[in-house]
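Read through the structure below, which is laid out as structure tokens, and then see the notes.
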Amino acid sequence: MKRLATALMLLGASQSSLAFDFVSVAEPAILYDANSLKAKKLFVATRYLPLEEVVDLANWVKVRDSSGKLYWIEKRNLSNKRYVMVTVPLAVVRSDPTENSQVVFKAAQQLGLEWLANTGTGWIKVRHADGSVGYLKSTDVWGD
């Protein structure tokens with residue numbers, strides 16, 4: 001029984017150490033299939049696109065998008081300023097992290113919002129490009 005508890009504790013610790021950081025595209029940038037300018041160009045990522053950092057090399061970063069696909073991007077094209085992308089048809093951003101609070105604005109699917117904080121209660125604080133700030137459910141976005 002003691003061994004099982006220890007194994008479960010180690011498994012939890014190893015999974016938490018595998019947590020990846022999120023970065024965002026600073027300006028439109030090319031995503032490649034390998035870490036070289038000579039590699040195949042796959043597509044252009046838009047500004048504010050959140051990406052999950054998987055591998056960080058000197059000048060390149062291997063990233064994962066919301067669909068789970070992996071790409072390489074030049075590190076100079078990334079920002080540590082975090083953004084999230086709305087994944088539901090219409091997300092409601094509220095004044096407080098509760099269902100009954102006032103609606104600040106509604107965000108359409110694929111809109112990028114600046115990530116400000118995670119409340120730890122299933123809500124995140126975000127900022128719209130127009131400066132409006134509010135809270136939305138973390139399940140309504142990708143990149144948190």
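Return the residues of the range 78-102 that are more than 23 Å from Ile30 (Cα to Cα) and in contact with a strand residue (DSSP E or B) (Cβ under 6 Å, 6 or more places away or on another chain); say none if nothing qualifies.
Leu90, Ala91, Val92, Val93, Arg94, Ser95, Pro97, Ser101
Residue under question is Ser66, and the condition is that it be at pLDDT below 95 and touching a Ser or Thr at 6+ places or on another chain (Cβ under 8 Å); does it hold?
Here the answer is yes, as Ser66 does meet what is asked.
For Ser138, work out the one condition from (1) in the same structural domain as Val23 (by TED's automatic domain parsing); (2) within 12 Å of the chain's Cα centre (by Cα); (3) among the small types (Gly, Ala, Ser) it doesn't fulfil.
Checking Ser138 against (1) in the same structural domain as Val23 (by TED's automatic domain parsing); (2) within 12 Å of the chain's Cα centre (by Cα); (3) among the small types (Gly, Ala, Ser), the one that fails is (1).
Looking only at the range 103-116, which residues are within 30 Å of Leu57 (Cα to Cα) and part of a strand (DSSP E or B)?
Listed by number, the residues that qualify are Gly112, Leu113, Glu114, Trp115, Leu116.
Residue by residue, here is whether (1) over 30 Å from Leu37 (Cβ atoms); (2) of a type outside the set (Gly, Ala, Ser) holds:
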site	(1), (2)
Lys69	no, yes
Ile73	no, yes
Asn77	no, yes
Lys81	no, yes
Val84	no, yes
Leu90	yes, yes
Asp96	yes, yes
Ser101	yes, no
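Starting from residues that are of a type in the set (Val, Ile, Thr) and part of a loop (DSSP other than H, G, I, E, B), keep the ones in the range 46-102 and report whichever is surrounded by the fewest Cβ atoms within 10 Å (Cβ to Cβ).
Across the range 46-102, the extreme among qualifying residues is Thr98.
From the list Lys41, Lys106, exactly one residue is without any contact (Cβ under 8 Å) to a residue 12 or more places away in the chain and not acidic (Asp, Glu). Which is it? First the steps, then the outcome.
Values: Lys106 fails: without any contact (Cβ under 8 Å) to a residue 12 or more places away in the chain.
Result of the check over Lys41, Lys106: Lys41.
Since Glu114 meets every condition but one in (1) surrounded by 20 or more Cβ atoms within 10 Å (Cβ to Cβ); (2) within 20 Å of Phe22 (Cα to Cα); (3) at pLDDT 95 or above, which condition does it not meet?
Glu114 satisfies every listed condition except (1).
The values are calculated or read from the model by the stated rules, or taken from the named source; none is laboratory data. Remember, it's a predicted structure, so these values are computed and weren't measured experimentally. When we count neighbours, we look across all protein chains shown, and the Cβ atoms used for this are built from the backbone with ideal geometry, even at glycine.
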